[in-house]
1. Report the residue count in the range 4-54 for those that are closer than 20 Å to Asp67 by Cα and charged (D, E, K, R).
2. Given the residues Ala12, Ala78, which is the only one that is open to solvent by less than 40 Å² (accessible area, probe 1.4 Å) and assigned to a helix (DSSP H, G or I)?
3. List the number of the failed condition for Arg53; all other conditions in (1) of a type in the set (D, E, K, R); (2) in contact with an Asp or Glu (Cβ under 7 Å, 6 or more places away or on another chain); (3) surrounded by 15 or more Cβ atoms within 10 Å (Cβ to Cβ) hold.
4. Would you be able to tell me the number of residues in the range 16-42 that are open to solvent by less than 40 Å² (accessible area, probe 1.4 Å) and either part of a helix (DSSP H, G or I) or among the hydroxyl-bearing types (Ser, Thr, Tyr) (or both)?
5. With the requirement that a residue be among the β-branched types (Val, Ile, Thr), under 10 Å from the mean Cα position of the chain (by Cα) and closer than 19 Å to Lys10 by Cβ, what does the range 27-72 give you?
6. Could you list, ordered by first residue, the pairs with Cβ atoms under 6 Å in which the first is in the range 30-44 and under 14 Å from Val74 (Cβ atoms) and the second is open to solvent by 90 Å² or more (accessible area, probe 1.4 Å), at least 6 apart or interchain?
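The values are calculated or read from the model by the stated rules, or taken from the named source; none is laboratory data. This is a predicted model, so every value here is computed, not measured. As a convention, Cβ positions derive from the backbone with ideal geometry for all residues, glycine included, and neighbour counts pool all protein chains shown. To get the accessible areas, we keep the full protein, side chains included, count just its heavy atoms, and leave off ligands, DNA and RNA. Shrake-Rupley method; radii C 1.70, N 1.55, O 1.52, S 1.80 Å.
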Amino acid sequence: MSNYTIVLSKRAQKQLDKLSDNIAFPIIEQIKLLEINPKPNGVKKLKGREGYRIRIGDYRVIYEIIDNLLIIDVLTIAHRKDVYE
């Protein structure tokens, strides 16, 4: 099985840049793991919109899987109270 390529949207990159290092590093590590397994344990398919969600502490990463191009498109990285707005 081929590895996927991670693509961060401009919005996700800005959100990640705003986080402190001790919060950002675990999120980055989990996003890197999506290259190997785009649907890890604990992933949820979103209802009402396209995409998937993974939890990293109090933060959520919203992403889409584009299987035919082997791309993981990270759309949003935010605190759980803000991510679904």
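1. 9
2. Only one candidate qualifies: Ala12.
3. Tallying (1) of a type in the set (D, E, K, R); (2) in contact with an Asp or Glu (Cβ under 7 Å, 6 or more places away or on another chain); (3) surrounded by 15 or more Cβ atoms within 10 Å (Cβ to Cβ), Arg53 fails exactly one: (2).
4. Within the range 16-42, residues that are open to solvent by less than 40 Å² (accessible area, probe 1.4 Å) and either part of a helix (DSSP H, G or I) or among the hydroxyl-bearing types (Ser, Thr, Tyr) (or both) number 4.
5. Passing the criteria: Ile27, Ile28, Ile31, Val61, Ile62, Ile72.
6. Glu35/Asn3
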